[in-house]
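Q: Before I ask anything, let me first share the structure, which is written out below as structure tokens.
The values are calculated or read from the model by the stated rules, or taken from the named source; none is laboratory data. Just so we're clear, the structure is a prediction, and the values are computed from it rather than from any experiment. Quick reminder, even Gly has a Cβ in these numbers, built from the backbone with ideal geometry, and neighbours come from all protein chains shown.
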Amino acid sequence: MSVTESAPKGVIPAHLLRGQKALVTGANSGIGMATAIGLGRAGADVVVNYVAGREDAEKVVEEITSLGVRAAAYEADVSQEDQVVAMMDWMVREFGTIDILVANAGLQRDATIMEMTLAQWQKVLDVNLTGQFLCAREATKEFVRRGVVPEVSRAAGKIICMSSVHQIIPWSGHVNYASSKGGVLMMMQTLAQELAPKKIRVNAVAPGAIRTPINRSAWETPEAERDLLQLIPYGRVGDPEDVAHAVVALASDLLDYVVGATLYVDGGMTLFPGFATGG
Ligand code: BGC
């Protein structure tokens, strides 16, 4: 198996999420883009949220529409309460409701602690953690208002938080990012506990090293990729589709009894690979 081998793209059952309405935040690039397309392949209608990069968002919409489902792009900054409220109102008006929220939008602003500005700390917490909170809150209101529609899904709603292996792996030089993802873990579990009685399933996907713009420097040269592979027992850098497949599965009734779980999609990065040869 080559280390650059891609994940298969055509394996999603086409009717798995038929009739469901999904919102993916940060869906104009990377993991969000692949996830939005994956949900479309599974038969869901998809709102493609973005904060900058309308053209890319429109391309994602075009690709999803070509699959025979509905899609639309919507610009909103997930860290801004009024914009999230307006986005959810718009989605309910235009698409009728929401069944699946993928709280994916996230960013890095890397610096060591002595170099890190308050603005860098705050920005990452605002988008990665507060953004997920705001989207989860607004989606929950609609899930509760509408309740379970058995022909559509056994659950009243599904929230999938995009986390990271760094929700449990400390990461020097990235204290803002690791803290935000640690927060996502506890937010996800707490919401899962709070919302399960309302038949809302909250879970997380925690990607490891996935080939996307956020970590380009970690894989773009052969030397960087070789170093990165030291951390990945499975021997390849992940593709956005690897993550999309996990999200589609978690959103579907196939995993209806999965509540408050984190699905690590990391090629074994969380298995302490340094201990493979020592300890
Ligand atoms: C980060 C990437 C990093 C990966 C594994 C992700 O959450 O966004 O930059 O390569 O974790 O360390």
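Q: When you scan the stretch 160-177, do you find a residue that is free of Cβ contacts under 8 Å to residues at least 60 places away in the same chain, assigned to a strand (DSSP E or B) and either within 30 Å of Gly43 (Cα to Cα) or charged (D, E, K, R) (or both), even just one? Talk me through it step by step, then tell me what you get.
A: From the stretch 160-177, those free of Cβ contacts under 8 Å to residues at least 60 places away in the same chain are 161, 164, 166, 170-171; that's our starting set.
Going one step further and asking which of them are assigned to a strand (DSSP E or B), we end up with 161.
From what is left, the residues that are either within 30 Å of Gly43 (Cα to Cα) or charged (D, E, K, R) (or both) are 161.
Yes: one or more hits.
Q: Going through Leu250, Leu254 one at a time, which residue ends up being under 18 Å from Lys181 (Cβ atoms), within 20 Å of the chain's Cα centre (by Cα) and outside any loop (DSSP other than H, G, I, E, B)? Quick ask: steps written out before the conclusion?
A: Values: Leu254 fails: under 18 Å from Lys181 (Cβ atoms).
Only one candidate passes the filter, namely Leu250.
Q: May I pose another question? Suppose the filter is within 17 Å of the chain's Cα centre (by Cα) and small (Gly, Ala, Ser); does Gly40 pass it?
A: Working: within 17 Å of the chain's Cα centre (by Cα): yes; small (Gly, Ala, Ser): yes.
Here the answer is yes, as Gly40 does meet what is asked.
Q: Residue pairs, Cβ under 9 Å, 6 or more apart or interchain, first in the stretch 265-279 and within 14 Å of Ile169 (Cα to Cα), second aromatic (Phe, Trp, Tyr) and surrounded by 11 or more Cβ atoms within 10 Å (Cβ to Cβ). List them.
A: Asp266/Tyr234; Gly268/Tyr234; Met269/Tyr234; Thr270/Tyr264
Q: Consider the stretch 60-79. How many of its residues are free of Cβ contacts under 8 Å to residues at least 24 places away in the same chain and either outside any helix (DSSP H, G or I) or buried (at least 18 other Cβ atoms within 10 Å of the Cβ) (or both)?
A: Selection size over the stretch 60-79: 3.
Q: From the list Pro240, Pro233, Pro207, pick out the single residue that is within 14 Å of the ligand (Cβ to nearest atom) and surrounded by fewer than 18 Cβ atoms within 10 Å (Cβ to Cβ).
A: Unique residue meeting the criteria: Pro233.
Q: Give Val149, Val144 a once-over and let me know the one that is away from the ligand (no atom under 16 Å from the Cβ), over 29 Å from Asp239 (Cβ atoms) and outside any helix (DSSP H, G or I). Full working, then the answer.
A: Details: Val144 fails: outside any helix (DSSP H, G or I).
Matching residue, one of Val149, Val144: Val149.
Q: So is Ala57 free of Cβ contacts under 8 Å to residues at least 40 places away in the same chain, assigned to a loop (DSSP other than H, G, I, E, B) and closer than 19 Å to Thr212 by Cβ or not?
A: Numbers: free of Cβ contacts under 8 Å to residues at least 40 places away in the same chain: yes; assigned to a loop (DSSP other than H, G, I, E, B): no; closer than 19 Å to Thr212 by Cβ: yes.
In short, no.
Q: Out of all the residues in the stretch 257-279, which are at pLDDT 95 or above, part of a loop (DSSP other than H, G, I, E, B) and away from the ligand (no atom under 13 Å from the Cβ)?
A: Across the stretch 257-279, the qualifying residues are Tyr257, Val258, Val259, Gly260, Ala261, Phe272.
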